[in-house]
Every structure is written in C-alpha cells, then in structure tokens.
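Structure, as structure tokens:
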Amino acid sequence: MAGRDLKPLFYPKSVAVIGASRTPGKIGYEILRNILEYGYKGKVYPVNPKAEEILGLKSYPNVLSIPDKVDMAVIAVPAKIVPSVLEECGKKGVKAVVVISSGFKEIGNTALEEQIVNIARKHSMRLLGPNIFGLYYAPPKLNATFGPKDVLPGSIAFISQSGALGIALMGWTILEEIGLSAVVSVGNKADIDDADLLDFFSEDEHTKVILIYMEGVRRAKEFMMVAKKVAMVKPVIVIKAGRSEKGVKAIASHTGSLAGSDLIYSAAFKQCGILRASNIEEAFDWARALAQLPPIPKRDDAVIITNGGGLGVMATDACQEYGIKLLEVPEDLIAEFRKYMPPFGSPYNPVDLTGQATEKEYYGAIATALNDERVGIVIMLYCETAVANPMKVAEALLKARKEAKTDKPIVSAMIGGEETEKAIRELNRNGIPAYPVAERAISSLAALKKWMEWRTRRGAG
Ligand code: ACO
C-alpha cells in the first residue's frame, strides 16, 4: 500500500539536510535550525561541501561521506544540482527525499522534473516536491520546513499545494491555537501526491481530520478511490481553489496544475464524502470541530441556550440554513428550563436565560439539556455582560460536560471583548469548539452531520 512507503518520510531515524547553509536567513540554514530547535530526536546531518560545522553539528561534504545510515534527505540546493545530489542519495540508500528547490515544471522545466523522478524511482526513493517548503510531523517532533517553528501539535493533518499560503497558515494556526499532526507541502507533486498522503493519514493514529488546500489533482481516479475509502474512516476537508474561470487560469501559472471544471470537482468531492470548504476560515473551523466532537447521536435534535435573544434568533436561522434540527421542547423540559431564568425568560428553543443570567443559570440549563436523552446537541451562546463573567460561563459549560452522563456534541459561540476571547480559547483547549459568531459554530456542526450522513448512506454503522 502506498501509505506504507511513506514511513521513512514521516518516521525517519536520521535526516540529512543537503544544502544546509552557514548563513542565517537562508533556506538551508532555517530548515536545519527548525529541525534542531523543534526537538527532533533522530540523528541530523548537515551536508555542505564548503562547511566544517553548522549550528554546532559536523558538516559533511556530501551524503555519501556520512558514516551512518540516512533515512531521509531534505534537499535545498539550486535546481540544476538536484539530479547529482539525488544520485548520491540513491547510492547512499536514502529512502525518502524532500526536494525544496524550485525551478522545475512550474517554470516549464518538465525535463528536469522528469529526470529527478526517474532517479528517485531507479533507487526506490519516494520524492516529496519539488518546489515546496518542507514537511512537519508531530509524533517524531520533526519540523523540516522553513516555516514558523513553534507549530502546535494536534490531530489535524494539513496538506498544501501552495507554498506561501501553507507557510502563512502554519503561523496562523499557532495564533489560533489549532493543533496540527502534520503539515505537508506538496508543490509540484512530481511523485508523492494527495492520494499517497490520504492513504498514509487514513491509517495514522495521530490524525483525526485531513485538510487539503488543492489547486488540481494529479491522478484523479486514484484520488477518488482512496478518498472514498479514507472518508469512511476520518473526515477529509478540501479547499479547492480556482472556482472561477480566471482562478483556473491563475492556477496554471502558479503550480502548473490542470484545474479543470469546478463543477466536476464539486460532484467528485460529493461522491467521495469530501467536505468542500469555500475558504480557509471555514476549513479550519470545520477541522477543529471534526477533530474534537463526539459523533452526533441518532436523536439529533439541538437545543440552543443563550443569554441574548438576538443571538438566539441568528443561531436559529443558521440551524435552519445548515439543516440542524431544533428540539420542540416538551412540557416537562420547559418546566425544568424555567428554573434557570426569570419570568421574562423563554424556556422554548432557543432557551433564553436573558441578559441577567450568570454562570449558575448557564450551568443549570446546560446540565439539564445534556442529561436529557431527547436532546442530541447543545449549542451554547453567550453575549458578554457585566453580570456573567465569560471565563466563568466557559467553566460552567466544561463542568456540566464533565458531569454529564453521555458525551454529546457541544458547540459554542461567545461574543464580546478580550475576556470573551480568552474564554473561547479555554473552551477550544478543552475540546469544545468555540467561535466568535454563531454561524461558524453551526456551520461546523453541520459539517460533522454531513460527513456522518454520507458514511451512513455508504453503510457505516
Ligand atoms: N551539496 C550540499 N550543499 C551544497 C552543494 C552540494 N552539492 N552545493 C552548494 N551547496 C551549499 C552552498 O554552498 C550553500 O551553502 P552556504 O550558504 O553555506 O554557502 C547552500 O548549499 C545553498 O546553496 P546556494 O547556492 O547558496 O543556494 P540558495 O540557498 O541561494 O538557494 C534554494 C537554494 C533555496 C533551494 C533555491 O534554489 C530555491 O529553489 N529557492 C526557492 C525555494 C522555494 O521557494 N520553494 C518553494 C515553495 S515555498 C513558497 O512558495 C514560500
């Protein structure tokens, strides 16, 4: 299986950085620094014929002069030297190569790209790239990229066909505290492509969700076959750029991919159970929720609990738009909810605790909903007020979830200032997807529902 061939790429015992530069700020230097500083525990060998030592490590003039085995090589030398360096890697018995260098098919150098693929095949090496920013994989603490260093480990595998966007998003996930199991820059996909990576990540216990930024697919048939299989096991989210005619033309000059008709992509994704996100924010919103939420139970009616009527109405609209059913609250449950609100509150759905609600009322109403078997999903909404401290409300939600008899999907939207933002982070850190607006919370819930429904239609239990 293709996924198994990729083990030396993700779990190398030793890594050579060929083109490790002596100069800070150069790509070969920054990759070596990231590998060392992120804490990779395997052996690391800089290769540079002009250097004696780089970042405190002995440097070797070429890969063949390294006294030990080398599993993986990161190559950051100008394109024209790549073939000779690859030959040496092949002779050394390197199993996987990560070719950072640009200057291949993306600028019309198809022959040079074919040459490096042939060399890799001849020596049974798998090749990632060329024209990429590298690879990050959390389990071996390997950050072999020239992107940001302090990536947060987590369970989302992110595959990016765009280099600059991929690097930028690595930085953005740090800011947003989104944990990643992997970041793979695929660039020209001369050898390793989305189908190979889907295959690997479907069996990877550290990855719960796979997110792909894609411009074009290389082996469409294989991709669809693998995606259908993988989507039965874990969610696959795709941002497919080039939705417009002009976007398709822009792709041709960016990664040289044949983008094809957007309608065909949409239909193919649907058939494979792939969730197509229309932008980056939506893709990561969904990924975060799908990585954290338990399955939606068979009784999937949702209850909205809020301290703001307007926010409740907007969430109701979003539920209708995204196909989330709202529970018709039965009489006995109405009586229960009434205990946590003043007479002018509303115990129907949305359950409006009113602006005078504190964390105590939130806790009571949430616990009631979580412990009632007729409620399948809880949507907690909050508008910042002086009487309800946002962190205390978040803590009340976490306490109610901890004490609940069953594990139900809970999403949250909290609107307010700085303190509310801290509360949102607290919820996300503790596995409750939380957002600054209701629509994003409900769209994420709907992505989970859509994926689960697709699996059920395909016969999943
Ligand atoms: N083996 C090992 N090292 C060698 C060899 C060799 N045969 N020959 C030279 N080197 C050394 C050089 O001496 C140099 O080290 P030094 O700085 O200590 O002297 C180092 O390797 C790098 O070689 P340079 O010739 O200085 O090349 P440079 O660093 O300028 O560029 C690079 C190399 C980064 C691969 C460049 O050619 C390139 O392709 N850049 C684009 C990379 C890129 O953008 N990737 C894609 C996508 S990501 C995105 O879009 C953001």
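Going residue by residue through the stretch 421-428, is there one that turns out to be closer than 20 Å to Asp300 by Cα and open to solvent by less than 60 Å² (accessible area, probe 1.4 Å)? Within the stretch 421-428, not a single residue is closer than 20 Å to Asp300 by Cα and open to solvent by less than 60 Å² (accessible area, probe 1.4 Å). Hey, Val63 hits all of (1) touching a Cys at 6+ places or on another chain (Cβ under 7 Å); (2) within 18 Å of Ile132 (Cβ to Cβ); (3) not aromatic (Phe, Trp, Tyr) but one; which does it fall short on? Exception for Val63: condition (2). If you go through the stretch 35-54 and keep only what is out of contact with any strand residue (DSSP E or B) (no Cβ under 6 Å at 6 or more places or on another chain) and surrounded by 12 or more Cβ atoms within 10 Å (Cβ to Cβ), you end up with Leu36, Glu37, Asn48, Ala51.
Quick grid of which residues meet (1) within 15 Å of Ala96 (Cβ to Cβ); (2) touching a residue at least 40 places away in the same chain (Cβ under 8 Å); (3) not β-branched (Val, Ile, Thr):
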| site | (1), (2), (3) |
| --- | --- |
| Asp5 | yes, yes, yes |
| Pro8 | yes, yes, yes |
| Ile18 | yes, yes, no |
| Gly28 | no, yes, yes |
| Glu37 | no, yes, yes |
| Gly42 | yes, yes, yes |
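Would you check if Asn131 is over 23 Å from Val44 (Cβ atoms), surrounded by 15 or more Cβ atoms within 10 Å (Cβ to Cβ), of a type in the set (S, T, N, Q) and at pLDDT 95 or above? Spelling it out, Asn131 is indeed over 23 Å from Val44 (Cβ atoms), surrounded by 15 or more Cβ atoms within 10 Å (Cβ to Cβ), of a type in the set (S, T, N, Q) and at pLDDT 95 or above. Of the residues making up the stretch 85-96, at least one is under 19 Å from Lys122 (Cα atoms), more than 14 Å from the ligand (Cβ to nearest atom) and touching a residue at least 40 places away in the same chain (Cβ under 8 Å). Taking the stretch 55-84 as the range and being near the ligand (Cβ under 8 Å from one of its atoms), among the small types (Gly, Ala, Ser) and surrounded by fewer than 13 Cβ atoms within 10 Å (Cβ to Cβ) as the test, only Ser84 passes. When restricted to residues that are in contact with a Pro (Cβ under 9 Å, 6 or more places away or on another chain) and more than 16 Å from the ligand (Cβ to nearest atom), the stretch 14-42 contains 3.
Residues that are in the same structural domain as Val303 (by TED's automatic domain parsing) and among the basic types (Lys, Arg) number at least 3 in the following helices (runs of 4 or more DSSP H) confined to the stretch 346-449: 390-403, 418-429. Scanning the stretch 408-420 for residues that are in contact (Cβ under 8 Å) with a residue 40 or more places away in the chain, open to solvent by less than 20 Å² (accessible area, probe 1.4 Å) and in contact with a Cys (Cβ under 9 Å, 6 or more places away or on another chain) returns no hits. Scanning the stretch 85-106 for residues that are within 30 Å of the chain's Cα centre (by Cα), surrounded by fewer than 20 Cβ atoms within 10 Å (Cβ to Cβ) and modelled with pLDDT of 95 or more yields Ser102, Gly103.
Would it be correct to say that Lys122 is more than 11 Å from the ligand (Cβ to nearest atom) and within 16 Å of Ile66 (Cβ to Cβ)? No.
Just the residues that are surrounded by 24 or more Cβ atoms within 10 Å (Cβ to Cβ) and closer than 22 Å to Asp301 by Cα, please, taken from the stretch 382-407. Of everything in the stretch 382-407, those that are surrounded by 24 or more Cβ atoms within 10 Å (Cβ to Cβ) and closer than 22 Å to Asp301 by Cα turn out to be Tyr382, Leu397.
For the stretch 97-114, enumerate the residues that are away from the ligand (no atom under 14 Å from the Cβ) and hydroxyl-bearing (Ser, Thr, Tyr). Correct list: Thr110 only.
The values are calculated or read from the model by the stated rules, or taken from the named source; none is laboratory data. Owing to the predicted nature of the structure, the values given are computational and were not obtained by experimental measurement. With ideal geometry, Cβ positions are generated from the backbone for all residues, glycine too; neighbour counts draw on all protein chains shown. Just the protein is used for accessible areas: all its heavy atoms, side chains included, with ligands, DNA and RNA removed. Shrake-Rupley method; radii C 1.70, N 1.55, O 1.52, S 1.80 Å.
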